Amino acid sequence: MSARFRKLRDVFHSRQVICLWALLILTSSALAQPATPSPAAPVAKSAPVTPLPEAFAQPAPRSVADLKAIQDHVTKLVPQLKAVTVGLSVPAIGGGAQGSGVIVAPEGYILTAAHVAGPPGKPVTITTSDGKRHPGITLGRNSTLDASMVRFESTTRRDWPHAVVATESARSGDWCAVMGHPGGYQKDRGLVLRLGRVVQKNDWLVQTDCELVGGDSGGPLFNMRGEVIGINTRIGESTEFNIHVPAEVYTRDWKRLVAGEDFRTHSGAYLGLSGVPATTGEGLLVEKVQPGDAADRDGIKVGDILLTFEGEKIKDLAQLTELVGEEFPGQSVKITLQRDGQVRSVTLRLGMKWKE
């Protein structure tokens with residue numbers, strides 16, 4: 001494990017007690033609804049709930065006072081997050097899909113994951129934070145990036161409580177919170193919040209250590225201002241490997257999603273690994289290999305240092321993700337790597353990203 005990653009893990013471990021507090025402070029009250037945005041735009045122009053405490057700008061809490069400031073801020077934020085987070089039930093062959101979503105416009109538009117919503121034009125049951133069930137319909141989806149939209153069936157109501165979609169991208173180290181229905185909607189338990197940090201971010205994904213479980217898919221990832229910065233998509237086996245679709249994907253494709261388009265924008269090629277820049281300054285140190293995916297099938301191992309991809313030097317995971325995305329699923333690519341001090345060349349066959 002690299003020194004950089006150990007440092008990140010130390011920071012993450014330091015806030016575990018806060019996660020426990022956050023799970024205990026969920027309430028059912030909702031804040032006043034934000035200002036109404038244009039139906040064509042997912043970004044509302046309302047102000048943050050409160051200024052961020054200085055503790056959020058530090059690498060880790062330094063005192064009990066910092067912990068208390070974080071707890072107080074999250075306590076104030078939770079009612080707003082609950083009011084806009086919904087449970088989704090989509091009937092289908094084999095029992096259907098259960099997941100979560102987030103309302104982002106007063107007209108009732110909801111962001112979720114494509115593997116939860118399925119194809120456009122299908123009925124869906126939407127459960128709001130007060131336990132009420134509402135009929136809805138699935139709208140557009142970008143099936144490659146696992147991004148989808150749902151709306152309430154009624155088009156007469158235009159005062160749904162809704163979240164702000166962030167105008168600034170998430171950054172590594174930012175505090176964040178996941179809200180959803182882990183294990184599916186449960187009336188007696190309600191929504192659950194998990195606090196964490198952004199591990200890394202690129203144009204196609206946000207990785208956090210906010211632990212996800214089944215039922216969280218499609219739910220929102222919030223920053224500490226209560227703005228949506230991502231949507232839950234892939235659940236990792238370890239606490240630091242949880243993947244979210246960036247909010248910018250939805251903002252960019254907003255009109256297509258509202259119009260009910262079923263489309264693809266990225267090749268979908270996928271390696272199935274994660275890592276951090278090697279301490280030597282060259283290559284990517286592999287720290288996680290997803291079982292059964294392309295990297296695992298073709299022999300990439302934890303501890304390998306990936307040096308080049310199709311002749312291009314690898315600097316970090318974001319760059320590697322972009323290089324992979326330029327190829328097509330099923331295509332064979334050449335990678336040079338270092339293992340046990342020896343440099344070798346391997347050929348991998350790329351898999352498909354965002355498998356359902």
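Please treat every number below as a calculation from the coordinates, not as lab data. On a predicted model such as this, the values are computed, not experimentally measured, just so you know. Cβ atoms come from the backbone with ideal geometry, glycine included; neighbour counts cover every protein chain shown.
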I'd like to compare 331-341, 218-228, 270-280: which one has the highest average count of other Cβ atoms within 10 Å, and what's the full order after that? 218-228, 270-280, 331-341
Here the gain from full extension of SER169 to ALA259, 0.36 nm per residue of separation minus their alpha-carbon distance, amounts to 29.9 nm
Return GLU261, GLU326 ranked ascending by Cβ neighbour count within 10 Å, so the fewest neighbours appear first. GLU326, GLU261
Which value in nm describes the separation of the simple spin-label points at VAL213 and GLU282, placed 7 Å from the Cα toward the beta carbon? 4.5 nm
Give the order of PHE309, PHE241 when sorted by the count of other beta carbons within 10 angstrom, beginning with the fewest. PHE241, PHE309
Mind jotting down the distance between the C-alpha centroids of the stretch 168-224 and the stretch 301-350, whole Å? 29 Å
Any aspartates and glutamates with Cα under 17 Å of the LYS187 Cα? List them, leaving off those in the same chain fewer than 8 positions away. ASP130, ASP216
If you place +1 on the Cβ of every Lys and Arg, -1 on the Cβ of every Asp and Glu, and leave all else neutral, what size is the dipole of the stretch 95-192 about its Cα centre, to the nearest 20 Debye? 260 debye
Cβ crowding within 10 Å averaged over residues, with 342-349, 66-73, 202-209, 109-116 ranked highest first: 109-116, 202-209, 66-73, 342-349
Expected sort for 247-254, 51-58 on mean C-beta neighbours within 10 Å, highest first, is 247-254, 51-58
Spin-label model distance (nm) - ARG158 vs SER345, 7 Å beyond Cα toward Cβ: 6.3 nm
Residues of the stretch 95-116 with the amide nitrogen closer than 16 Å to a label point 7 Å from the Cα of ARG189, along Cα-to-Cβ, please. 98-101
As a quick test, which of the pairs LYS82/LYS132; LYS201/LYS313; LYS201/LYS334; LYS82/LYS288; LYS76/LYS255 have an alpha carbon distance above 23 angstrom in this structure? LYS201/LYS334; LYS82/LYS288; LYS76/LYS255
